[in-house]
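Working notes, structure below.
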């Protein structure tokens, strides 16, 4: 197959991933008293333009985010840059978390000052909770292909990548495909990033295994069965991987997004990354504003920042593929070095539809725990 990269002009929107967990509320203070006209704004124009939005956001002085690990798609630098640029404090709750936990936090912390202002969600969780989102169209709205956004701006895809296998070449043999992981040399060494019934990265990892074993976007069962065999062989390691477990050697093989695995290659020289050519699974995350955001102006300014050239290039610097990439290439505003450094991928990408994602999620809910959980 021809070499390809995840180009917005040739893939359809999808995203089955998420981040994770959230602490319970510790206060019941009313955040609604601090809300203003920004809560109703569907664009910066509604507030009088970007300058007015920036002023309102600075007056609020804070932004609450959740489930954004610093090493995930360069979020550490994204948060730091936004905070320094606008002088707004960013409160980042439970960085190591999952999409459903973001929604749970929004519900349990509703009307408090600790509620999340914005979400970064996997497809299935995002589309099941659109009633919680505030519609908003960023200034660069026209650059985002229609397939990657809700027409009203209720949600917008932000960045994407491919499912991959990362491995420490000093601890395990070379990996070229999913089937290699069943080998005896991988006993107790293969980790999946999260629970596929809750986390998008894990969901897509099982989807990759399904496609590699004769399944499809319509049939995730072979993927669940594969992880069942992996567990029976003693190779499946029930540990949620992160940079610490990878660099310590605790999780020498990790099934995760390519941009997360690739980030480890810069720190661990023996860490290799492969996207199986017979099971190329692509995905985008969903960005949304909490309709009950305690800092509605800051939430909207955050979205403006993320979809600006600066924000998109910061995701690109983290190895993720920004949703405005095609438009930025055409305009000459893309970080050419970072864009050229994206790893090439061989094979045709599989991009599950909403219906296929919902069907797979239902099967996982009913079968994952008893087979591989």
If packing is taken as the average number of other Cβ atoms within 10 Å across a peptide's residues, how do 124-134, 296-306, 181-191 rank, most packed first?
296-306, 124-134, 181-191
Among beta bridges that DSSP assigns inside the chain, antiparallel share in %, nearest 5
70
Past the 22 angstrom mark, what percentage of all C-alpha to C-alpha distances in the range 75-206 do you count?
55
For residue 92 paired with residue 187, estimate the spin-label separation in nm (one decimal), with each label point 7 Å from Cα along the Cα-to-Cβ line.
3.9
Helix 75-86 vs. the chain, principal-axis angle (Cα, 0 to 90°, nearest 10)
10
With Rg from the Cα atoms and Rh as the Kirkwood inverse mean 1/r over Cα pairs, the range 73-132 has an Rg/Rh of 0.99
Protection-proxy order for peptides 73-84, 254-265, each taking the mean of Cβ atoms within 10 Å per residue, highest first
254-265, 73-84
Against the longest principal axis of the chain, how steep is helix 200-212, in degrees 0 to 90 to the nearest 10, with axes from Cα atoms?
30
In nm, the gap between the two label points placed 7 Å beyond Cα toward Cβ at residue 267 and residue 170 is 1.5
For the range 214-319, what mean projected area does the convex hull of the alpha carbons give, in nm²?
10.2
Looking at the chain, what % of the alpha carbon pairs are farther apart than 38 Å?
15
Calculated log₁₀ intensity ratio I(q)/I(0) where the Debye formula runs over C-alpha points of the range 250-312, q = 0.12, 0.14, 0.25 Å⁻¹:
-0.55, -0.68, -1.04
Please give, to one decimal in nm, the separation of the simple spin-label points placed at residue 147 and residue 336, each 7 Å out from Cα toward the Cβ.
2.8
In degrees rounded to 10, the 0-90 angle between helix 99-108 Cα long axis and the longest Cα principal axis of the chain is 40
For 286-294, 196-204, ranked highest to lowest by mean beta-carbon neighbours within 10 Å, the order is 196-204, 286-294
Ratio for the range 28-142, C-alpha Rg to 2.2 N^0.38 Å, reads 1.08
Which three lengths, in whole Å and largest first, does the range 144-263 cover when its Cα atoms are put on their principal axes?
51, 31, 24
Alpha-carbon spread of the range 202-251, three principal axes, descending order, Å
37, 21, 13
Computed helical MRE - 222 nm, the chain, DSSP H runs ≥ 4 contributing -39500 (n - 2.57), nearest 500:
-10000 deg cm²/dmol
With equal scatterers on the alpha carbons only and no solvent term, can you work out the Debye log10 of I(q)/I(0) for the range 330-373 at 0.17, 0.26 1/Å?
-0.74, -0.92
The range 237-373: relative contact order as a whole-number percent, Cα under 8 Å and 6+ apart:
24
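Read the figures in this text as sums done on the coordinates, not as results from a lab. Just so we're clear, the structure is a prediction, and the values are computed from it rather than from any experiment. In this analysis, Cβ positions are derived from the backbone assuming ideal geometry, glycine residues included, and neighbour counts consider all displayed protein chains.
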